[in-house]
Amino acid sequence: MSGSRPGRVVMLVDNTIDGDSRVQKSARAMAEAGWEVHLIGRAPASGPDTYQIGDAQIHRLSLRRLPPRTTLRRRVSKLRYPLSYKNQDQALLMSRSIKVDWAELEMSTAGEAARTGIARSPRTTQLPLLAQRTAGRVRRGTIKARVQQTKHRAASWGDKDGAWEEVERRFWSTAMGDRAWRRLDPLPLRYELSYRDKIEELQPDLIHAHDFRMIGVGARAAVRARRAGRNVRVIYDAHEFVPGLAQANRSKKWLASQVAYEREHIGYVDAIVTVSPALAEMLETAHGLAERPIVTLNAPPKLDPAADDGSGWTTPEGARDVREACGLGPDTPLAVYCGGAAPQRCLHTIVESLQCSPEVHAAFMINNLDGDYVNSLRVLAAELGVSDRIHLMPYVPYDVLVRFLSTADVGIHPLRKGPVNHEVALSTKFFEFMQARLPVVVSDVKAMSDEVTRVGNGEIFRSEDSKDLARAVGMILNDRARYTKPYDRSGMLDEWSWEAQAEKYVVLYERLLKDLV
């Protein structure tokens with residue numbers, strides 16, 4: 001069906017596409033709806049490649065390098081430590097040279113007394129030993145001083161959100177306004193440099209920019225196309241509230257750059273789409289938009305209980321569902337989590353809760369099985385004596401995930417309360433649990449806890465309170481039918497499906513591309 005509608009669509013994303021179900025679903029759905037769709041993302045460590053998702057063509061491109069900008073902190077550190085070497089590697093090499101010099105000096109000093117060979121006198125002239133020793137000491141002292149300054153200078157770079165960053169932020173924001181991001185964080189320019197040739201080669205009629213880093217890449221490509229006489233439409237798909245990233249371990253300088261970058265380019269887009277009603281309202285207010293962004297929820301494809309999977313997909317161990325993957329029988333209580341593994345996701349709270357729920361097992365389908373945080377979960381489980389009841393496994397493809405989850409008893413989303421983007425989130429896993437007809441347990445972040453209260457399909461617990469999480473899981477396991485009953489309401493799961501959400505994209509694409517008909 002690909003290409004039966006007029007118009008070529010180029011989607012942009014700043015990641016490797018793997019694990020980004022919203023982007024994958026968008027590309028596949030719009031290709032199935034008849035547009036020619038190309039999705040451009042960043043190449044993985046293995047290098048650039050191309051492949052297909054359904055009828056959508058995927059292009060993963062290497063991120064090109066730019067000369068690094070020297071920050072104010074580094075400039076000042078050079079003045080504070082003028083003797084420092086260029087980098088720590090050079091300092092290490094020079095430190096090693098001291099040992100070589102010392103060995104040579106020892107040879108010169110003790111050599112005459114140790115001679116036992118046939119040749120009794122050296123065949124080359126040397127500086128007097130006193131001069132050699134003096135020169136060696138001076139050189140060693142100089143190198144040691146420079147190495148010490150190099151260490152101090154490197155240590156001074158560690159503070160990424162200090163007084164010098166604030167001076168830099170204020171100066172460039174005052175001097176350049178929203179254009180200051182070019183000085184504060186030029187990473188978006190690398191994406192533009194890396195993607196622009198492919199975009200211009202494809203000559204799109206519509207650019208669909210996913211997340212905030214791509215808004216400028218898409219807008220600037222459209223400006224170039226319009227100068228060349230081609231009318232290109234741009235959709236900005238806002239996945240997060242950029243000012244809310246302040247609470248995500250980012251510096252004020254970095255945040256100011258991202259806010260300015262989004263604000264500079266948002267006036268060039270033709271439509272905005274986002275992921276939750278609360279976020280749509282915040283974007284409308286923050287940018288003074290003429291119309292509220294369209295909400296397309298991060299919902300998964302519908303699960304047809306009467307249909308076989310048909311994909312033939314199994315885990316590497318050959319399991320077709322999560323209970324089988326864990327090696328558990330039907331009577332063992334099983335809670336599941338799927339998604340990213342990071343401290344702010346509070347997976348440690350799930351592990352800790354198992355102390356209070358001695359029969360419950362927990363399965364995690366996560367993005368990085370070898371990361372520091374995941375390893376800390378293993379250590380924590382061992383300390384608590386629950387290692388045999390946690391099951392760690394890699395991501396499951398989005399198009400089979402709902403079926404894979406459906407044999408569990410409850411889905412848990414323990415997101416940390418507080419950050420703005422956590423409070424307004426209606427995350428993908430929230431709807432994946434629902435499509436799998438699982439009761440849900442969520443932390444008391446506003447949007448998801450409000451929805452659970454409204455629907456009646458789960459329980460809420462106090463964020464990062466493992467005992468309260470165990471309480472909520474226990475309530476569901478004691479009366480599971482009560483929490484799954486809402487899913488029997490006519491049309492409820494249809495509304496929370498990707499099929500329903502994709503229709504909003506279809507209507508928007510048709511409106512923006514109507515001139516091509």
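The values are calculated or read from the model by the stated rules, or taken from the named source; none is laboratory data. The structure displayed is predicted, hence computed values, not measured ones. No Cβ is skipped: glycine too gets one built from the backbone with ideal geometry, and neighbour counts run over all protein chains shown. With ligands, DNA and RNA removed, areas are computed over all heavy atoms of the protein, side chains included. Shrake-Rupley method; radii C 1.70, N 1.55, O 1.52, S 1.80 Å.
Observations, loosely collected:
- Filtered residue count, the stretch 76-103, keeping only those that are loosely packed, with under 15 Cβ neighbours inside 10 Å and assigned to a loop (DSSP other than H, G, I, E, B): 4
Residues checked against (1) closer than 30 Å to I207 by Cβ; (2) at pLDDT below 95; (3) under 22 Å from the mean Cα position of the chain (by Cα):
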position	(1), (2), (3)
G418	no, yes, yes
S427	yes, yes, yes
V452	no, no, no
G456	no, no, no
F461	no, no, no
D465	no, no, no
V473	no, no, no
W496	yes, yes, no
Q501	yes, no, no
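- Unmet requirement for R73, which otherwise passes all of (1) assigned to a loop (DSSP other than H, G, I, E, B); (2) buried (at least 18 other Cβ atoms within 10 Å of the Cβ): (1)
- Filter result for E464 (surrounded by 15 or more Cβ atoms within 10 Å (Cβ to Cβ) and in a strand (DSSP E or B)): no
- The stretch 475-494: number of residues that are modelled with pLDDT under 95 and touching a Pro at 6+ places or on another chain (Cβ under 8 Å): 1
- Some residue of the stretch 314-329 being touching a helix residue (DSSP H, G or I) at 6+ places or on another chain (Cβ under 9 Å), modelled with pLDDT of 95 or more and open to solvent by 50 Å² or more (accessible area, probe 1.4 Å): no
- Among residues of the stretch 436-457, those that are open to solvent by less than 10 Å² (accessible area, probe 1.4 Å) and within 20 Å of V402 (Cα to Cα), counted: 10
- Being touching a helix residue (DSSP H, G or I) at 6+ places or on another chain (Cβ under 6 Å), modelled with pLDDT under 95 and either surrounded by fewer than 21 Cβ atoms within 10 Å (Cβ to Cβ) or within 28 Å of K253 (Cα to Cα) (or both) holds for only one residue in V217, V147, V167, V138, and it is V147.
- Some residue of the stretch 454-468 being among the hydroxyl-bearing types (S, T, Y) and out of contact with any strand residue (DSSP E or B) (no Cβ under 9 Å at 6 or more places or on another chain): yes
- Hits in the stretch 14-25 - residues which are part of a loop (DSSP other than H, G, I, E, B), under 19 Å from Y236 (Cβ atoms) and out of contact with any Lys or Arg (no Cβ under 8 Å at 6 or more places or on another chain): D20
- Near pairs, Cβ below 7 angstrom, 6+ apart or cross-chain, from the stretch 465-490 (within 17 Å of A335 (Cα to Cα) and among the acidic types (D, E)) to any residue that is part of a loop (DSSP other than H, G, I, E, B) and open to solvent by 70 Å² or more (accessible area, probe 1.4 Å): D468/R462
- When we screen A175, A180, A154 for residues that are open to solvent by 40 Å² or more (accessible area, probe 1.4 Å) and either under 25 Å from L79 (Cβ atoms) or more than 29 Å from the chain's Cα centre (by Cα) (or both), the only hit is A175.
- Contact map, the stretch 275-286: first residue within 14 Å of A425 (Cβ to Cβ), second residue of a type in the set (K, R) and surrounded by fewer than 19 Cβ atoms within 10 Å (Cβ to Cβ), Cβ cut-off under 6 Å, separation 6 or more or different chains; pairs are A280/R292.
- Count of the stretch 352-375 residues which are over 16 Å from D388 (Cβ atoms) and either modelled with pLDDT under 95 or out of contact with any Ser or Thr (no Cβ under 8 Å at 6 or more places or on another chain) (or both): 11
- Among residues that are touching a helix residue (DSSP H, G or I) at 6+ places or on another chain (Cβ under 8 Å) and under 25 Å from T314 (Cα atoms), H413 is included.
- Filtered residue count, the stretch 419-435, keeping only those that are touching a helix residue (DSSP H, G or I) at 6+ places or on another chain (Cβ under 8 Å), outside any loop (DSSP other than H, G, I, E, B) and either of a type outside the set (V, I, T) or open to solvent by less than 20 Å² (accessible area, probe 1.4 Å) (or both): 8
- Selection within the stretch 193-221: residues that are aliphatic (A, V, I, L, M) and in a helix (DSSP H, G or I). The member of this set that is farthest from D270 (Cα to Cα) is L193.
- Residue check for K252: closer than 24 Å to R416 by Cβ, more than 18 Å from the chain's Cα centre (by Cα) and open to solvent by 10 Å² or more (accessible area, probe 1.4 Å): yes
- Candidates D388, D409, D372, filtered to the one that is surrounded by fewer than 17 Cβ atoms within 10 Å (Cβ to Cβ) and under 25 Å from G329 (Cα atoms): D388
- Among residues that are more than 25 Å from R471 (Cβ to Cβ) and modelled with pLDDT under 90, D308 is included.
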